[in-house]
Amino acid sequence: VLGGCCCTHVGAVEGLATRYGRLAVVWFDAHGDLNTSESSPSGNQWGMPFRMLLDSGTVHPADAVLVGARNLDPPEVEFIAASGLLTGIDDVDGALEGVDAVYVAFDADVLDPDDDVVCFMPEPGGLTVVEAAALLRRIADGRPVAGIGVTGLGPSPENRAPVARLAAALGL
């Protein structure tokens, strides 16, 4: 799935979840996307899709992990603490344990903007393309990849090589 914002992941994950007993979600994003319409400071739906999937029961928090988040709203921090949602690279294996397949939600803003990636909402201090590719390879080696969605890319020819490298890491 190629989409403008992370809302595109919702339909993909909901559809795939009907085909697998337990579907994990690895959510790569500089932002949590864990707000609700009540908690969101901006009201933008693109800050809510991960939370939509978790609240609907489509994905259980134990089968999900947020990787690369570094710009979270206070309600998102509270939700992470209350739900037990896994966060960070070290928790990826835990989210994959016992699942049948994995969906990778990859927002390009998880990458460091100094690493020649043009994205919609750049945030400093992200993963390098090399680090992200290594983690994607580890995910693909650990469980079948049911799908991947790439969002938040800016319109730039500079993105071709990094996106190709990331897709290759997943075996695509």
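The values are calculated or read from the model by the stated rules, or taken from the named source; none is laboratory data. Since the model is a prediction, treat every value here as computed from it, not as a measurement. Here the Cβ positions follow ideal geometry from the backbone for every residue, glycine too, while neighbour counts run over all protein chains shown. Remember, those area values only see protein heavy atoms, side chains included, never the ligands or the DNA or RNA. Shrake-Rupley method; radii C 1.70, N 1.55, O 1.52, S 1.80 Å.
Just give me the residues in segment 117-172 being without any contact (Cβ under 8 Å) to a residue 40 or more places away in the chain and within 26 Å of T18 (Cβ to Cβ), in sequence order.
Correct list: L136, A140, D141, A167, G171, L172.
Only one of (1) assigned to a loop (DSSP other than H, G, I, E, B); (2) among the charged types (D, E, K, R); (3) in contact with a Leu (Cβ under 8 Å, 6 or more places away or on another chain) fails for E14. Which number is that?
The number of the failed condition is (1).
If you go through segment 84-96 one residue at a time, do you hit one that is of a type outside the set (A, V, I, L, M), open to solvent by 20 Å² or more (accessible area, probe 1.4 Å) and either at pLDDT below 95 or part of a loop (DSSP other than H, G, I, E, B) (or both)?
Pass one, segment 84-96, residues of a type outside the set (A, V, I, L, M): 84, 87-88, 90-91, 93-94.
With open to solvent by 20 Å² or more (accessible area, probe 1.4 Å) added as a condition, the list becomes 84, 87-88, 90-91, 93-94.
Imposing the further condition that a residue be either at pLDDT below 95 or part of a loop (DSSP other than H, G, I, E, B) (or both) reduces the set to 84, 88.
Within segment 84-96, one or more residues are of a type outside the set (A, V, I, L, M), open to solvent by 20 Å² or more (accessible area, probe 1.4 Å) and either at pLDDT below 95 or part of a loop (DSSP other than H, G, I, E, B) (or both).
Out of segment 37-62, which residues are more than 23 Å from L153 (Cβ to Cβ), open to solvent by less than 50 Å² (accessible area, probe 1.4 Å), part of a loop (DSSP other than H, G, I, E, B) and at pLDDT 95 or above?
T58, V59
I want to confirm something. Restricting to segment 127-154 and keeping residues that are assigned to a loop (DSSP other than H, G, I, E, B) and within 14 Å of D107 (Cα to Cα), which single residue is most open to solvent (accessible area, probe 1.4 Å)? I'd like the intermediate steps shown before the answer.
If we filter segment 127-154 for residues that are assigned to a loop (DSSP other than H, G, I, E, B), which is where we start, we get 128, 143-144, 152, 154.
Next, from what is left, pick out any that are within 14 Å of D107 (Cα to Cα): 128, 152, 154.
On the way: T128: 48, G152: 5, G154: 13 Å².
Top of the filtered list is T128.
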